[in-house]
Amino acid sequence: MKRRAVYPGSFDPVTNGHIDLIHRSAALFDQVVIAILGNTDKTPLFTIEERVEMLESVVRNRRNVSVTTFSGLLVDFVERIGASVIVRGIRAVSDYEYELQMALMNRRLSSRVETVFMMPAETYSYLSSRLVKEISLLGGSVRGLVPPAVERRLAQKYKGMAGAAGAVPGARRK
Ligand code: PNS
């Protein structure tokens, strides 16, 4: 039986930490479906189409990884596509509480779906999409933290936001 896993998230934007986890999960499961949450109460920086594009360019050469979007309950999506595993990354103990709560709630919603926690490489243990956006906004370098294509897109986004860095005291423009 083929094991299909879902790696869900906002991916706003995808970071090298996410990519590390994609590679690790692709080595463990027959198929990995990266599922980007569409309907969220957070206001994303990148549109869902942009996030799909960025992730697709990252997994282009991975035969057993695909990218899609979902809305509604994650467990419903997982079951609908015939998967049985949710992959989530845990960087530090601080992630654990929230992730445990979600995993147990998802288990309550569907006992057929199991959550697997994976650790990214230590290099990425302090990396998050939120920090990447903040650094970019303030004119700092995110080289080595995100793929080059994402780095370019971040620069474009914030270039378009006239005065964004200028609004923050001490912020440098790129
Ligand atoms: O990258 P994120 O923002 O930490 O991902 C969170 C995500 C998308 C995994 C979570 O918000 C989610 O699963 N949302 C779908 C709605 C849902 O199923 N909610 C109940 C979760 S217990």
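The values are calculated or read from the model by the stated rules, or taken from the named source; none is laboratory data. Please read these numbers as outputs of a predicted model, since none were measured by experiment. Every residue, glycine among them, receives a Cβ derived from its backbone with ideal geometry; neighbour counts consider all protein chains shown. Accessible surface is based on the protein model in full, side chains and every heavy atom, while ligands, DNA and RNA are left aside. Shrake-Rupley method; radii C 1.70, N 1.55, O 1.52, S 1.80 Å.
Just one of (1) away from the ligand (no atom under 13 Å from the Cβ); (2) within 27 Å of Glu122 (Cβ to Cβ); (3) open to solvent by less than 70 Å² (accessible area, probe 1.4 Å) trips up His23, so point out which.
Of the numbered conditions (1) away from the ligand (no atom under 13 Å from the Cβ); (2) within 27 Å of Glu122 (Cβ to Cβ); (3) open to solvent by less than 70 Å² (accessible area, probe 1.4 Å), the odd one out for His23 is (3).
Conditions (1) away from the ligand (no atom under 11 Å from the Cβ); (2) open to solvent by 10 Å² or more (accessible area, probe 1.4 Å); (3) in contact with a strand residue (DSSP E or B) (Cβ under 9 Å, 6 or more places away or on another chain), marked per residue:
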| site | (1), (2), (3) |
| --- | --- |
| Met1 | yes, yes, no |
| Ala5 | yes, no, yes |
| Phe29 | yes, yes, yes |
| Thr40 | no, yes, no |
| Ile48 | yes, yes, yes |
| Arg60 | yes, yes, no |
| Leu74 | no, yes, yes |
| Ile86 | no, no, yes |
| Ala103 | no, yes, yes |
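Would the stretch 140-150 turn up any residue that is open to solvent by less than 20 Å² (accessible area, probe 1.4 Å), within 25 Å of Ser57 (Cβ to Cβ) and either more than 19 Å from the chain's Cα centre (by Cα) or acidic (Asp, Glu) (or both)?
Yes: the stretch 140-150 contains one or more residues that are open to solvent by less than 20 Å² (accessible area, probe 1.4 Å), within 25 Å of Ser57 (Cβ to Cβ) and either more than 19 Å from the chain's Cα centre (by Cα) or acidic (Asp, Glu) (or both).
Give the residues of the stretch 98-130 that are more than 22 Å from Asp20 (Cβ to Cβ) and not in a loop (DSSP other than H, G, I, E, B), sorted by residue number.
Step one: of the stretch 98-130, the residues more than 22 Å from Asp20 (Cβ to Cβ) are 101, 104-113.
Hits for the stretch 98-130 are Gln101, Leu104, Met105, Asn106, Arg107, Arg108, Leu109.
Show the residue pairs meeting these rules: Cβ distance below 6 Å; 6+ apart or different chains; first residue within the stretch 57-82 and assigned to a helix (DSSP H, G or I); second residue of a type in the set (Phe, Trp, Tyr).
Phe77/Phe70
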